[in-house]
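Notes follow the structure.
The values are calculated or read from the model by the stated rules, or taken from the named source; none is laboratory data. No experiment lies behind these values; they were computed from the predicted model shown. No Cβ is skipped: glycine too gets one built from the backbone with ideal geometry, and neighbour counts run over all protein chains shown.
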Ligand code: DON
């Protein structure tokens, strides 16, 4: 599980900015290294590292980011998360509260009635959590190391010297553990609980690990580099909430105002801060202020928060509107070719449809915006497509409202479908909402459904040659003269008919079945450029420039085509100019229809 973070570019404005912070705050030389654990006194107060990790795994680091130190109190949220994960909220809450104490980390803050520690970030609460984990397994340290390692994305171990040093001198923590025992908060002997606590505090990390721990919490419990889950999303929410109110002890209020990020510090001089859904930050510099927090760590987090506007509370912040665009099906067709009368029928009934392109978050605001537009529209659309492609995040509330909207449309005879990569977004759709992989497929559904609703007769699967679009202007006698010149091609479903790159020698006139023109090399299930069916033409573009095929064409069904060799067309130019002119005019119309579709698509993309 070794992390191999995507190394961010060395020449980067982010790295430059972080280097600037390093330079600026290296001038802060006050504060003292913790000495109450003798081994910690060996830390070099000039060590200074800053590391930042994004949720897509980019890691920026400047300064002493590879220097080992012990995790100390920064272990507390992780063990709290482990206890929550293993025992559930109810069992943990019975032993540890979640109220801020406003006291220093080693204050004996217990509920007067129950003796339960007031929160898991103070020592008493952290020892209670260690006690819960110690009761879980014969080798509880392994549970702890395994969990922490998943956060960091590499195997972590305890620093034996620091552990022994604290174990030999940590009388106050031993006393707290025995006090907890007297209140029956511990299920294991007090010494076992405090021993695990000392060991977890002595886990060796570096500044990068801190950023990755923060990044994992920011990412809902999944390490942004290894993509391994360290802790469940529900637990992360509780852990971050407690960090927000209690993570910085008696400096928590000040921290919340000046930095505004859930964070945890340790007496070794590390601090990590979390911007949920966005970023993890780790800072290391061992000199501490009078509250036991790294002087430079606090300064860097505060500067980062102010300079980069990371504060959780951003009054007046306006997010991008959730509905990026709204269309009717008449302006936004699928890639299935339609006959002229089908196109006319779709255009005429277009106001019965609405296609919403969402962006940003699918949450309550998006659901509200979509439902308001539907309710206020005159007439109200019956067929609704919601395109999720540009979403970056999905909230359960948004999905619930979407389902409610689908249900209410269904109840009045309408339908709502969604299109886009639901799995990538972690979107679990209720079964009653139909999902298409892409917008094109959803638009085709919308057109088919609309044609059915206006009772438009289904397109014939087979036509007579005389009804083909290319021959619309031909006299029967002209067609009769042409037919012997045409080739015949019959293919089975799934067969490739035309391959990109092949030299082109003929036009294809579909008389039965349908074929899909797909982006080159994307395979039979590849990206669709168009679908042509009986009565339509393909291969016309290569005729114009005498070039090579530019796409792959597969038969969707059992297919029959007539083929018109380019050589025949060329010969007609000399022998039958009138017939040749009519065929060219037919071809121009085919190209025009394609162009109109492309124009509509470009308008949609740039609109
Ligand atoms: O409980 C102790 O004394 C330490 N092992 C951990 C304290 C700590 O890091 C407090 N945080 N700022």
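Tabulated data for the structure shown
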read-out	value
Tally of residues being under 17 Å from residue 504 (Cα atoms) and over 41 Å from the mean Cα position of the chain (by Cα) across segment 541-570	15
Hits in segment 517-568 (condition: within 28 Å of residue 480 (Cβ to Cβ) and touching a helix residue (DSSP H, G or I) at 6+ places or on another chain (Cβ under 7 Å))	535, 536, 537, 540, 543, 562, 566, 568
Selection within segment 524-546 - part of a loop (DSSP other than H, G, I, E, B) and in contact with a strand residue (DSSP E or B) (Cβ under 8 Å, 6 or more places away or on another chain)	524, 526, 527, 534, 535, 536, 539
Conditions (1) surrounded by 23 or more Cβ atoms within 10 Å (Cβ to Cβ); (2) over 21 Å from residue 128 (Cα atoms); (3) within 14 Å of the ligand (Cβ to nearest atom): number failed by residue 211	(3)
Residues located in segment 584-603, provided they are closer than 30 Å to residue 356 by Cα and out of contact with any helix residue (DSSP H, G or I) (no Cβ under 7 Å at 6 or more places or on another chain)	592, 593, 594, 595, 596, 597, 598, 599, 601, 602, 603
Only one of 345, 349, 340, 354 that is surrounded by fewer than 14 Cβ atoms within 10 Å (Cβ to Cβ) and either closer than 21 Å to residue 449 by Cβ or touching a residue at least 60 places away in the same chain (Cβ under 8 Å) (or both)	340
Residues of segment 186-208 satisfying the condition of being in a helix (DSSP H, G or I), within 14 Å of the ligand (Cβ to nearest atom) and within 30 Å of residue 50 (Cβ to Cβ)	197, 198, 199, 200, 201
Residue that is away from the ligand (no atom under 16 Å from the Cβ) and surrounded by fewer than 24 Cβ atoms within 10 Å (Cβ to Cβ), where the choices are 228, 168	228
Residue selected from segment 512-530 under the condition surrounded by fewer than 20 Cβ atoms within 10 Å (Cβ to Cβ) and under 23 Å from residue 467 (Cβ atoms), by the criterion modelled with the highest pLDDT	512
Filter pass, residue 270 being buried (at least 17 other Cβ atoms within 10 Å of the Cβ), within 30 Å of residue 510 (Cα to Cα) and in contact with a strand residue (DSSP E or B) (Cβ under 9 Å, 6 or more places away or on another chain)	no
Residue match in segment 318-330 (condition: surrounded by 21 or more Cβ atoms within 10 Å (Cβ to Cβ) and either more than 13 Å from the ligand (Cβ to nearest atom) or in contact (Cβ under 8 Å) with a residue 24 or more places away in the chain (or both))	yes
Listing of strands (runs of 3 or more DSSP E) fully contained in segment 367-482 that carry 1 or more residues being within 20 Å of residue 338 (Cβ to Cβ) and touching a residue at least 24 places away in the same chain (Cβ under 8 Å)	383-394, 415-419
Restricting segment 569-583 to residues that are crowded, with 16+ Cβ neighbours inside 10 Å and out of contact with any helix residue (DSSP H, G or I) (no Cβ under 6 Å at 6 or more places or on another chain), the residue that is nearest to residue 535 (Cα to Cα)	583
Pick from segment 234-260, criterion touching a residue at least 60 places away in the same chain (Cβ under 8 Å) and out of contact with any helix residue (DSSP H, G or I) (no Cβ under 8 Å at 6 or more places or on another chain), ranking: nearest to the ligand (Cβ to nearest atom)	249
Helices (runs of 4 or more DSSP H) contained in segment 112-185 and holding at least 1 residues without any contact (Cβ under 8 Å) to a residue 24 or more places away in the chain	140-152, 160-169, 171-182
Enumerated strands (runs of 3 or more DSSP E) restricted to segment 261-310, each holding at least 3 residues that are within 14 Å of the ligand (Cβ to nearest atom)	263-265, 270-275
Only one of 564, 584 that is assigned to a helix (DSSP H, G or I) and over 22 Å from residue 459 (Cα atoms)	584
Criterion: at pLDDT below 95 and touching a strand residue (DSSP E or B) at 6+ places or on another chain (Cβ under 7 Å) - qualifying residue of 57, 63	57
When residues of segment 171-185 are limited to those that are closer than 21 Å to residue 74 by Cα and surrounded by 20 or more Cβ atoms within 10 Å (Cβ to Cβ), the one nearest to the ligand (Cβ to nearest atom)	173
Residues being within 16 Å of the ligand (Cβ to nearest atom) and assigned to a helix (DSSP H, G or I) - total across segment 14-53	5
Subset of segment 261-275 [in contact (Cβ under 8 Å) with a residue 60 or more places away in the chain and under 23 Å from the mean Cα position of the chain (by Cα)]	274
Qualifying residue in segment 234-245 (condition: in a loop (DSSP other than H, G, I, E, B) and within 20 Å of the chain's Cα centre (by Cα))	no
